[in-house]
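Student: I'd like to ask some things about the structure below.
The values are calculated or read from the model by the stated rules, or taken from the named source; none is laboratory data. The structure displayed is predicted, hence computed values, not measured ones. Methodologically, a virtual Cβ is constructed for each residue, glycine included, from the backbone with ideal geometry; neighbour enumeration extends over all protein chains shown. All accessible areas refer to the heavy atoms of the entire protein, side chains included, with ligands and DNA or RNA removed. Shrake-Rupley method; radii C 1.70, N 1.55, O 1.52, S 1.80 Å.
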Amino acid sequence: MRDTRESRLLLVLLIAIAFALITVDIRGGQDSPVDGARQAAATVFGPIENGVSSAVDPVGNAISAVRDSGDRHDRIAQLERDNAALKAKLGSDDRNRSRLKQLDKMIKVAGEGQYGIKGAEVIAIGAAQGFSWTVTIDVGANDGVKRDMTVLNGDGLVGRVTTVGPDTATVLLANDPDFTVGTRMESTDELGFASGQGDRPLRVELLNGKAKIKKGDRLITFGSQADKPFVPGVPVGVVSRVDPSGGGLTRTIYVKPFVSFTKLDIVGVVVTAPRKDPRDEVLPPKPKPTPTPTVTVTVTPSADATDDGQQQ
């Protein structure tokens, strides 16, 4: 545009309109008439971050397919077919092979537990909530995600949704010190409450102070009222240490989580709880004990030995 009298007048007019809108916005506060336009802009530009990655990421497209699995287990067969087709398309890319393996495991967990899930990718870590153990995932209210929904992956319990935006959500990880979940011991059904300890094992207070617990025992989520924030049956971890029983009302044990919280990538938000408690069905098969090799030593008598065992 050339520097003409008309162009200068147009520039002055635009500046005046901008200042007028700023003044109206400030005076309006939360009821600002400009707020609707701001939210509309966020809705338009918010998905761009996700769109750039998904346009070049075939695994992201698969996650989008998994996000439609909220119709429960009747969609699992279709998801498996979609996943098989995606495997053929991806070929031998190392990173995609790793992510597809995660996707396979998560779909298996969802099928065994009869969970309706929305697949998601971790797109940020350590949100603005201070020093909390949190991650941001690329699904939100537009995908049916709500606050206090369980988040899992192919290994087990990841955390729970704490904040939901239109296209993203914040997940509080199970190892956060502010995180607490009800647990149940495999087979024995002993109940307790697990709390996060950062990069250390989860601390679990069992309600039965005389419970018989040993290293290697496994825990799952007990479930919450109305299945929020936790659905039942999600694997939590393995007992790594048991404090000596002091005769108290509770007993403390320490649990190594199944999930590695520093290597999160593909996760699922449980948007539909199972019709019945899956109990121990979602737990992986127990590892077979490694046999201890035995060595048999055979003593061969010396050729110089006499019949009575005496050496000459």
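Student: Let me spell it out: the conditions are (1) over 17 Å from the mean Cα position of the chain (by Cα); (2) within 22 Å of K105 (Cβ to Cβ), and S224 meets all of them except one. Which number is the exception?
Tutor: Going through the list (1) over 17 Å from the mean Cα position of the chain (by Cα); (2) within 22 Å of K105 (Cβ to Cβ), S224 breaks only (2).
Student: Let me ask something else about it. With the checklist (1) modelled with pLDDT of 95 or more; (2) under 21 Å from P257 (Cβ atoms); (3) among the basic types (K, R) in hand, flag the one item K101 doesn't pass.
Tutor: With (1) modelled with pLDDT of 95 or more; (2) under 21 Å from P257 (Cβ atoms); (3) among the basic types (K, R) applied to K101, the lone miss is (1).
Student: Then there is this: Out of (1) within 17 Å of T252 (Cβ to Cβ); (2) among the charged types (D, E, K, R); (3) surrounded by 18 or more Cβ atoms within 10 Å (Cβ to Cβ), the odd one out for D176 is which?
Tutor: (1)
Student: A further question follows. Would a scan of the stretch 182-205 turn up a residue that is modelled with pLDDT of 95 or more, closer than 24 Å to G140 by Cα and open to solvent by less than 40 Å² (accessible area, probe 1.4 Å)?
Tutor: Scanning the stretch 182-205 turns up no residue that is modelled with pLDDT of 95 or more, closer than 24 Å to G140 by Cα and open to solvent by less than 40 Å² (accessible area, probe 1.4 Å).
Student: Please count how many residues of the stretch 220-233 are among the aliphatic types (A, V, I, L, M) and within 18 Å of Y254 (Cα to Cα). Spell out the reasoning first.
Tutor: The first filter runs over the stretch 220-233 and keeps only residues among the aliphatic types (A, V, I, L, M), leaving 220, 226, 231.
Imposing the further condition that a residue be within 18 Å of Y254 (Cα to Cα) reduces the set to 220.
Within the stretch 220-233, residues that are among the aliphatic types (A, V, I, L, M) and within 18 Å of Y254 (Cα to Cα) number 1.
Student: If K263 satisfies all but one of (1) crowded, with 16+ Cβ neighbours inside 10 Å; (2) of a type outside the set (V, I, T); (3) closer than 15 Å to V158 by Cβ, what's the number of the condition it fails?
Tutor: Among (1) crowded, with 16+ Cβ neighbours inside 10 Å; (2) of a type outside the set (V, I, T); (3) closer than 15 Å to V158 by Cβ, the lone unmet condition for K263 is (1).
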